Structure formats: C-alpha cells, structure tokens
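K.L.:
Mind having a look at this structure? Questions to follow.
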Amino acid sequence: MRLASVDVGSYSCRFSVADFSNSFQLIYEEGNITALATGLKDGNYLLEERMEETLKVIKHYISKAKDLGVDRIVLVGTEALRRAKNADDFLKRVKEETGYDLNVITPEEEGSLAFLAVAFSLKPEGKFCIIDQGGGSTEFVCGRGFEVEYLRSLPVGIVNLTEEFIKNDPPTNYELESLKNFLDNAIYQVITPCDVLIGLGGTITTISAIKHGVFPYEGEKVHGTKLSLDDIMFWLETLSSMKADDRVKHFPHIEPKRAKVIIPGLVIFYRAMMLFGKREIIVSDWGIKEGVLIREYLKQKTT
C-alpha cells in the first residue's frame, strides 16, 4: 500500500509518500513555499494570488502522487485555514478542482501528528518537548514514548511575526528587542519541565543544513542533527545583520522566499531554549505530513 500526505501550511506546502508494503518507508518528499498566510493579519482574508499558487502546488502534488501509484491521498490544512474568513471558499475550490477534500485540523491534532512523527523516527529518551514552528502558529508538545502529556499552541509563526514586527531590512535593534519581549511573554506561558528539546520547521532545518554543510537540501542528512544555543545565537546575530537578499547570496541553503521570515523563526527557538533552560536542541525534518502517514501505518498494523 502507498499513501500520500499533503500538509497545506501557513507558509509552506509539503508533500510525502510512504510505502507500507513491508515496513514504513518514505519514498518521496517535496516542499514548496506558497506563503498562504501572507497579508492575513490585515483583514483575516487569504489573498487571491496566494490561494492560486497554493492550489497550483496541491495539483502538482496530486499528479505526482498518482504517478507514484498511491492508493490514497490525505490533505490537511493548519493555522491560516483555521483563521481566514474565506477559508471555506478555498476549501471548496480545492475540492472542485482536484476532487479531494482538504481537511482543516485543530491545533491539538497538528501538534499530536508532529509529536508522533518525532517519536516514531527519533525515539527520544525521557520526557521530550517538540517545538513545531510554522507560518501561523507554533506548537509545544511534550510527552514520553508515543504518549502526549502536554500540548499548547501559540498563534505565533514566521509570517505573522514578520508582518507585525519586522518593518526594516535588515531589522533594527528595536524591532528585534520588541520581538524578543513579545515572544518571552508568550513562551513563558507554555514552559514545562522536559529532558530534551526537539525543533521542527523550515527555520531550524535550514540553519542545521548551513551548519552541517547540507546543500542541496537533503532531509535525511538534517534529521536528528543537533544545534547548540550558541549556534542559534550566532546565526540570529549573523543573519539579522544582513539584508534579506544578502542572506541568500552568502548562504544558498536559504530559499529566497524564506530569507526575510527566518529571523522571527530564529528568535522563537532562541527564546524557547533560554526559557526552557536548554543548551542544545535536536532538529527534526519529520513533521505533520509524516505524522499523517505514520498514523495510518500504525492503524493498518493493528487491524
């Protein structure tokens, strides 16, 4: 059996295919930045051009899935589609133009799927907490083994934080301090004791790729790597001192569309590590889309 999952996020749209014939095996992955949540804070409406681009990518993924002979395709959507007033219009267009339902999941399901992906692939010891930083929200999920013990979702992500706090290129010290203070107040509410921190999302996988010399990007070479607090602070200081275009010129690991929004992402991890009292974080390339596949795989094993 082959199953495909599409994660329609607030900033990126990602696609995975797994084969369940013998054991769980990922056979194809792809990701594209579509920035669906861009401008959402101005009136809580998805922009037409962002919807068009996202729909185009979804169609491409479905076509690729069929080429790979999948038996089923599952589409899930997250924060931007939970928040937008015209989300139903977009969901209707996806159904009409592809024949597939795009299911908007709750923050709790989003966090649980990301947790499942980490638990299944990295098998962390002791109590671990994942920080799943996205375009429109960030989930903090803690537990042991496959059991979630604590889950909180904050409505802060790289798209809305960039639009709210970063007006200059490069950002000013005042903008960075304002962002840090805002995030300290938000993250302080979700701190819980844990043994291990694990980071998910395009920001931290990109930084890991730079540090470990992974270019072009290969998820399996980033998955399970580690970054220190000093690493995070160094790259925050380095990248925030550059214009967005220069970040890409000096570090081709950074996708052009990610260059501006990577700063708030780094601040999220910097402040979270400080407030959780951790000097190191493990990086996970697996997240929601893999979680969807693993959930179905485990269901199949028990039936």
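No lab work stands behind these numbers, since they all come straight from the coordinates. Please read all numbers here as calculations on a predicted model, not as lab measurements. Glycine gets a Cβ as well: all are built from the backbone with ideal geometry, and neighbour counts include every protein chain shown.
K.L.:
Helix-only estimate, please: 222 nm mean residue ellipticity of the chain, summing -39500 (n - 2.57) across DSSP H runs of length 4 or more and dividing by its residues, to the nearest 500.
P.N.:
-14500 deg cm²/dmol
K.L.:
Continuing with the same structure: Report the antiparallel proportion of the DSSP beta bridges in region 2-105 as a percent, rounded to a multiple of 5.
P.N.:
60 percent
K.L.:
Count neighbours as other Cβ atoms within 10 Å of each site's Cβ, and list the trypsin sites (Lys or Arg not before Pro) in region 235-303 that are DSSP loop with at most 12 such neighbours.
P.N.:
Passing sites in region 235-303 are ARG279.
K.L.:
By residue number, which cysteines of the chain lack any other Cys whose Cβ falls under 4.7 Å from their Cβ?
P.N.:
CYS13
K.L.:
Using the Cα centre as the reference, give the magnitude of the dipole from point charges on the C-beta atoms of region 243-303 (Lys, Arg: +1; Asp, Glu: -1; all else neutral), rounded to the nearest 20 debye.
P.N.:
Charge dipole of region 243-303: 140 debye, to the nearest 20.
K.L.:
Still on this model: Of all DSSP beta bridges in the chain, what percent run antiparallel (nearest 5)?
P.N.:
That works out to approximately 65 percent antiparallel.
K.L.:
With +1 on each Lys and Arg Cβ and -1 on each Asp and Glu Cβ, and nothing else charged, work out how big the dipole of the chain is about its Cα centre, in Debye to the nearest 20.
P.N.:
Around 240 debye, computed over the chain.
K.L.:
Mind checking which of ALA186, ALA209, ALA65 has the largest fluctuation in a GNM of the chain, springs on alpha carbons under 10 Å?
P.N.:
Result for the chain, Cα springs under 10 Å: ALA186 fluctuates most.
K.L.:
Placing unit charges on C-beta atoms (Lys and Arg positive, Asp and Glu negative, everything else neutral), compute the dipole magnitude of region 136-185 about its Cα centre in debye, rounded to 20.
P.N.:
That gives region 136-185 a dipole magnitude of about 100 debye.
K.L.:
Of the listed pairs LYS59/LYS260; LYS226/LYS260; LYS41/LYS167; LYS167/LYS257, which have alpha-carbon separations greater than 19 Å here?
P.N.:
Too far apart for the 19 Å limit: LYS59/LYS260; LYS226/LYS260.
K.L.:
For region 135-145, what does the Karplus curve 6.51 cos²θ - 1.76 cosθ + 1.60, with θ = phi - 60°, yield as ³J(HN,Hα) per residue in whole Hz, taken in order and with x for Gly and Pro?
P.N.:
My calculation for region 135-145 gives x, x, 8, 9, 9, 10, 10, 10, x, 10, x Hz in order.
K.L.:
Then there is this: Straight-line reach from LYS66: which lysines have a Cα under 16 Å away, not including same-chain ones fewer than 8 places off?
P.N.:
Cross-link targets: LYS56.
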